[in-house]
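One structure below.
The values are calculated or read from the model by the stated rules, or taken from the named source; none is laboratory data. These numbers were taken from a predicted model, which means no experiment stands behind them. A quick note on method: Cβ atoms are made from the backbone with ideal geometry, for glycine too, and the neighbour counts reach across all protein chains shown. When the accessible area is computed, the model is the full protein with side chains, heavy atoms only, and any ligands, DNA or RNA have been set aside. Shrake-Rupley method; radii C 1.70, N 1.55, O 1.52, S 1.80 Å.
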Amino acid sequence: MPEKTLADPSRAGSAATERSEPSPKRWWILAVVAIAQLMVVLDATIVNIALPSAQTDLGFSDGNRQWIVTAYALAFASLLLLGGRIADLFGRKPAFLVGVVGFAAASALGGAANGFTMLVVARALQGVFGALLAPAALSLLNTTFTDARERARAFSVYGAIAGAGGAVGLLLGGVLTDALDWRWTLYVNVAIAVIAFAGGWLLLGNHRDAANAKLDVPGTILVAAGLFGLVYGFSNAETHDWGSPLTWGFLVAGGVLLVAFAWWQTRTAHPLLPMRILLDRDRAASFLAVLITGAGMFGVFLFLTYYLQLNLGFSPTRTGVAFLPMVGALMVTAQVATTMLMPRFGPKAVIPLGFAVATAGMAWLTGLGLGSDYLGAVLPQLIVIGVGLGMVMPPAMQLATGGVAAEDAGVASATVNAMQQVGGSIGTALLNTLAASAATDYLSGRDVTSKAVQAQATIESYTTAFWWSSVLFGAGAVIAFLLYRRGVPRQDADAAPVVHM
């Protein structure tokens, strides 16, 4: 009888143990989730190196070139919270599988593009399905790994992919462009998607943790429009002046819409983003850490790519290889930070220290000059930056999604992805503007026809971007130290939410 079971403490305990028993397929599920997440993260940068070849092939202008990148970012950032809530409402397995198939189909469409419009539409569709796939993938980790130590290891892998995926994208983009054709930077997703879909179909179970909730339509419209306004406004800052209505107008509108969204979430019975997710101090600090990391990392990927190719004459493939030491340092440190340092010292010690190390690495990178080489002026700095970011990204992602109720896992995961995407958009716009201003200031009053002067102007633009990236990481260290609680959070010490596999 049910009553007898509930009255018997030993039987109740065994039932609880049975419910929280780790899935025997959990490490295979981690592999599938990691593959899918890698596909999404790769596409933030893999197309960048292929852009010159695509532009030559399809014949679009320099002014239109940014839309190949921006279309993906706009769709992805705008729809992330909706994608996360869909996973909670309708199940993570269908959300994951539909996201994988849609992403692959959009990639195939982009690879077959016969013109600029078709390519932009394909990139936007990639963003749409990526916004469904990414939150489902991250929330699957939170509900699959029930042991605190194993969950830390899983998040170290996931966080390392999120942090290093941009560099891997640069490498893979360069290899595919050099060896085959720019179209293969998109076609490659089809091959990855086949593996992810097969694994997801065979391994994942389905559970709708928020099946009794309803979709918050007004909240969805407000947050999608607000995030679109922010990302679009910052993207316009790259091609327009900050005083342009296309820049500040969209930024103001985006900010107002997000404030309205926050107000609405406190009034509606079925909020898209329950305020309980944001009001936890450690979780809020983790969201900010992911935002700042996303903004500062572009100082590494974007401008160092320019330096390696334009100043040192590296090929696209060699440029990608040059980032691998940073990726390796990040992945090793991610394991140490999440499985050893965090359980012992807590986030208040580990994450600010990681930001401080990354700050030092970025500041060291500002020593680049016209006569610098990779081994002496780039490689050591990249390793230091990788060590720092490995202490920030995986622990922050784990804390941002850990401890949430199962019915909120999808939307919490979506918020993490949104922070990273919006941070990247902010960083790209700010650093591009500051770098361009530094180059203009240097050229003022000098012989602009001199190649030596022009070359030094580009160096000034790079080092300025690196300095400001260092400032961002330094601010992250201060904010993390002030916001995180002392000690080890309970969500790291206790078991994760009950697995639904």
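Observations on the model:
- Global geometry of the range 197-320, whether rounded, prolate or oblate, following the gyration tensor of its Cα atoms and the 1.5 cut on a/c: oblate
- Accessible surface of the range 357-483, 1.4 Å probe, proportion on carbon and sulfur as whole %: 68 percent
- Protection-proxy order for peptides 250-258, 274-282, 445-453, 380-388, each taking the mean of Cβ atoms within 10 Å per residue, highest first: 380-388, 250-258, 274-282, 445-453
- Residues with amide H under 5 Å from that of Ser315, placed H, sequence gap 5 or more: none
- Accessible area of Phe261 (1.4 Å probe, protein heavy atoms only, ligands and nucleic acids ignored): about 10 Å².
- The phi torsions of the range 377-386, fed into the Karplus equation with coefficients 6.51, -1.76 and 1.60 and a -60° offset, translate into couplings of 10, 10, 4, x, 5, 4, 5, 4, 4, x Hz, rounded to whole numbers, with Gly and Pro shown as x.
- The range 350-430, accessible area per residue, ligands and nucleic acids excluded (1.4 Å, Å²): 23 Å²
- Prolate/oblate/rounded label for the range 359-470 (Cα gyration tensor, a/c 1.5): oblate
- At R0 = 41 Å, FRET efficiency that the Cβ-Cβ distance of Thr268 and Val332 yields, to 0.05: 0.40
- For the range 75-126, the fraction of 1.4 Å probe accessible surface lying on carbon and sulfur atoms is 82 percent.
- Maximal additional length on extending the Arg276-Ala191 stretch stands at 26.7 nm, based on 0.36 nm per residue less the C-alpha distance.
- For the range 26-32, the Karplus equation 6.51 cos²θ - 1.76 cosθ + 1.60, evaluated at θ = phi - 60°, returns couplings of 4, 6, 5, 5, 4, 4, 5 Hz by residue, with Gly and Pro reported as x.
- Stretching the chain fully between Val121 and Val252 yields a gain of 44.5 nm (0.36 nm per residue, less the alpha carbon separation).
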